[in-house]
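In what follows, a structure is listed as structure tokens, so that the remarks can point back to it.
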């Protein structure tokens, strides 16, 4: 996968192969990661895991309310924004797209202001993403 313009390629964890890119915004690092898993991985379970990463909890109904539909390589996919009010908190914007037997998880993580500042780039990345 090519490195998005203006981002740096990072080493990924060998236990969880993924493409990982970073960028620094006002001294705050933001990470863009892309990982594929078996399509048996579902949206709600992954969002619950992400909520734990940003110290939040939501009911399944609240997750549904926060989920929006996006297109990734022509496939209808889900996107969610997980932000707290505190600017010093960690935030996540994540998406899941399924093609065949793989679920692709594309996630932007960092301090809230840095994630907000790069969310448009994340959306542009989703629009340009092509399944291998």
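No lab work stands behind these numbers, since they all come straight from the coordinates. For clarity, every value in this text was computed on a predicted model and none was experimentally measured. Cβ atoms come from the backbone with ideal geometry, glycine included; neighbour counts cover every protein chain shown.
Give me the one-decimal Kirkwood hydrodynamic radius in Å for the chain, with the sum taken over alpha-carbon pairs. Could the numbers behind the result be given before it?
On the way: mean 1/r = 0.0666 Å⁻¹.
Over the chain, the inverse of the mean reciprocal pair distance is 15.0 Å.
Would you kindly state how much longer the chain becomes between residue 64 and residue 45 on full extension, computed as 0.36 nm times their sequence separation minus their alpha carbon distance, in nm to one decimal? It would help to have the intermediate numbers written out before the result.
Numbers: separation 19, 0.36 × 19 = 6.84 nm, distance 1.21 nm.
Between residue 64 and residue 45, full extension yields 5.6 nm more.
Under a crude label model (7 Å from the Cα following the beta-carbon direction), how far is residue 18 from residue 75 in nanometres?
Between residue 18 and residue 75, the simple spin-label model gives 1.7 nm.
Between residue 57 and residue 26, what is 0.36 nm times their sequence separation minus the Cα-Cα distance? Round to one decimal in nm. Before the final figure, lay out each step's value.
Details: separation 31, 0.36 × 31 = 11.16 nm, distance 2.82 nm.
Fully extending the segment from residue 57 to residue 26 adds 8.3 nm.
How far apart, in nm, are the 7 Å Cα→Cβ label points at residue 117 and residue 3?
Using points 7 Å along Cα→Cβ, the separation is 1.9 nm.
Name all residues of the stretch 96-132 having a backbone nitrogen under 18 Å from the label point set 7 Å from the Cα of residue 85 along its Cα→Cβ direction, giving them as ranges.
112-113
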